[in-house]
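A.B. asks: The structure is given below, and queries will be raised subsequently.
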Amino acid sequence: MTFGEQPAYLRVAGDLRKKIVDGSLPPHTRLPSQARIREEYGVSDTVALEARKVLMAEGLVEGRSGSGTYVRERPVPRRVARSGYRPATGATPFRQEQADASVRGTWESSSEQTEAGAAIAERLGIQAGDRVMRTKYLFREAGEAMMLSTSWEPLALTGRTPVMLPEEGPLGGMGVVERMRAIDVIVDNVTEEVGARPGLAEELHVLGGVPGHVVLVVHRTYYASGRPVETADVVIPADRYQVAYHLPVR
């Protein structure tokens, strides 16, 4: 194979991918069998199998037990809007994560005290093993699971205050900015880092998807005068949603 030339299995996968994208192989159509691929492209069984594996890993096809491999329905990506703007009336956890005011959704949550691991401790500027409040969220849009979020807040800051539990008390269900303001902590900055990775089995079980599907992960941290007061991991299925940012011009 000369420099720059693709392996045979990638060339086969690329041609099949093109047929899926242009509609020659529409959704719910059975993918050509391994034997058919071998004959049509003049390749070995191993190459045909690897090409099918590539398409499956990309989420373009799915196996059906006892039936074969079929082209998957390709959802039209919807938008998850991100913004530093917060309305004067306060932001619910859903509005905190999805800033598009036209979108309506619900959330479920659970909180527990735990010890900060090394990575979370570094993000919060505390020591590994320090106590934090961890809150897990599942967000739904029109009843469909669309986003997961896990947040951590240092109990050295919020412990023994009315906002220790994000979803309980007088400000339960409000955003980080409003809750922190209630204990005289003024949030003045937020950072977000966006990356992608294969979804964990437990994430895909909740969000829907098959092993290998990619998720977008937003690492968000709120600051008050340079001090981290909350950090969170937001997980979004990449095949169904795009992340759009609305940033003010200064």
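A.B. asks: Within the stretch 23-36, track down each residue that is crowded, with 18+ Cβ neighbours inside 10 Å and of a type in the set (A, V, I, L, M, F, W, C).
C.D. replies: If the condition is that a residue be crowded, with 18+ Cβ neighbours inside 10 Å and of a type in the set (A, V, I, L, M, F, W, C), then Leu25, Leu31 are the ones that fit.
A.B. asks: Under the condition of being assigned to a strand (DSSP E or B) and within 11 Å of Glu192 (Cβ to Cβ), which residue from the stretch 234-250 is modelled with the lowest pLDDT? If you could, list the steps in order and put the result at the bottom.
C.D. replies: Our first condition is that a residue be assigned to a strand (DSSP E or B); within the stretch 234-250, this holds for 234-237, 241-246.
Checking which are within 11 Å of Glu192 (Cβ to Cβ) leaves us with 234, 243, 245.
Numbers: Val234: 95, Val243: 88, Tyr245: 84.
In this case the residue turns out to be Tyr245.
A.B. asks: So Val71 passes all but one of these: (1) under 24 Å from Tyr241 (Cβ atoms); (2) surrounded by fewer than 13 Cβ atoms within 10 Å (Cβ to Cβ); (3) in contact with a helix residue (DSSP H, G or I) (Cβ under 9 Å, 6 or more places away or on another chain); (4) modelled with pLDDT of 90 or more. Which condition number does it fail?
C.D. replies: (2)
A.B. asks: Being without any contact (Cβ under 8 Å) to a residue 60 or more places away in the chain and assigned to a loop (DSSP other than H, G, I, E, B) is the filter here, so list the residues in the stretch 111-148 that pass it.
C.D. replies: Ala116, Gly117, Ile126, Gln127, Ala128, Gly129, Asp130, Ala142, Gly143 - these are the residues of the stretch 111-148 that are without any contact (Cβ under 8 Å) to a residue 60 or more places away in the chain and assigned to a loop (DSSP other than H, G, I, E, B).
A.B. asks: Which count do you get for residues in the stretch 58-76 that are out of contact with any Gly (no Cβ under 9 Å at 6 or more places or on another chain) and among the hydroxyl-bearing types (Ser, Thr, Tyr)?
C.D. replies: Of the residues in the stretch 58-76, 2 are out of contact with any Gly (no Cβ under 9 Å at 6 or more places or on another chain) and among the hydroxyl-bearing types (Ser, Thr, Tyr).
A.B. asks: Filtering the stretch 210-233 down to residues that are within 13 Å of Gly59 (Cα to Cα) and surrounded by fewer than 20 Cβ atoms within 10 Å (Cβ to Cβ), which residue is modelled with the highest pLDDT?
C.D. replies: If we filter the stretch 210-233 for residues that are within 13 Å of Gly59 (Cα to Cα), which is where we start, we get 210-215.
The next check asks that each one be surrounded by fewer than 20 Cβ atoms within 10 Å (Cβ to Cβ); those that pass are 210-214.
Working: Val210: 70, Pro211: 71, Gly212: 71, His213: 80, Val214: 88.
Ranking the qualifying residues of the stretch 210-233, first place goes to Val214.
A.B. asks: Of the conditions (1) open to solvent by 80 Å² or more (accessible area, probe 1.4 Å); (2) closer than 29 Å to Val215 by Cβ, Ile20 clears all except one; give me its number.
C.D. replies: (1)
A.B. asks: Name the pairs whose Cβ atoms lie under 6 Å apart, with the first residue in the stretch 86-108 and modelled with pLDDT of 65 or more and buried (at least 17 other Cβ atoms within 10 Å of the Cβ), the second in a helix (DSSP H, G or I) and not basic (Lys, Arg), and 6 or more positions between them or separate chains?
C.D. replies: Partner pairs satisfying both residue conditions: Gly105/Phe94; Trp107/Pro93; Trp107/Phe94.
A.B. asks: Going by what's in this entry, would Leu25 be described as assigned to a helix (DSSP H, G or I) and modelled with pLDDT of 85 or more? I'd like the intermediate steps shown before the answer.
C.D. replies: Values: assigned to a helix (DSSP H, G or I): no; modelled with pLDDT of 85 or more: yes.
No, not satisfied.
A.B. asks: Here's something else I'd like to know. Can you name every residue in the stretch 34-79 that is free of Cβ contacts under 8 Å to residues at least 40 places away in the same chain, outside any helix (DSSP H, G or I) and not basic (Lys, Arg)?
C.D. replies: Hits for the stretch 34-79 are Gly42, Val43, Ser44, Gly63, Ser65, Gly66, Ser67, Gly68, Thr69, Val76.
A.B. asks: Follow-up question, since we're still on this one. Any residue in the stretch 175-204 that is closer than 15 Å to Ser149 by Cα and part of a loop (DSSP other than H, G, I, E, B) sitting within a Cβ distance under 8 Å of a residue that is open to solvent by less than 50 Å² (accessible area, probe 1.4 Å) and at pLDDT 95 or above? List the pairs, counting only those 6 or more apart or interchain.
C.D. replies: From residues that are closer than 15 Å to Ser149 by Cα and part of a loop (DSSP other than H, G, I, E, B), the pairs are Gly199/Val235.
A.B. asks: Would you mind telling me which numbered condition in (1) more than 25 Å from Glu115 (Cα to Cα); (2) open to solvent by less than 60 Å² (accessible area, probe 1.4 Å) Pro170 fails?
C.D. replies: That leaves (2) as the condition not met.
The values are calculated or read from the model by the stated rules, or taken from the named source; none is laboratory data. Quantities reported herein were computed from a predicted structural model and do not represent experimental measurements. Using ideal geometry, Cβ is built from the backbone for each residue, glycine included, and neighbour counts are taken over all protein chains shown. These accessible areas exclude ligands, DNA and RNA; they are computed on the full protein's heavy atoms, side chains included. Shrake-Rupley method; radii C 1.70, N 1.55, O 1.52, S 1.80 Å.
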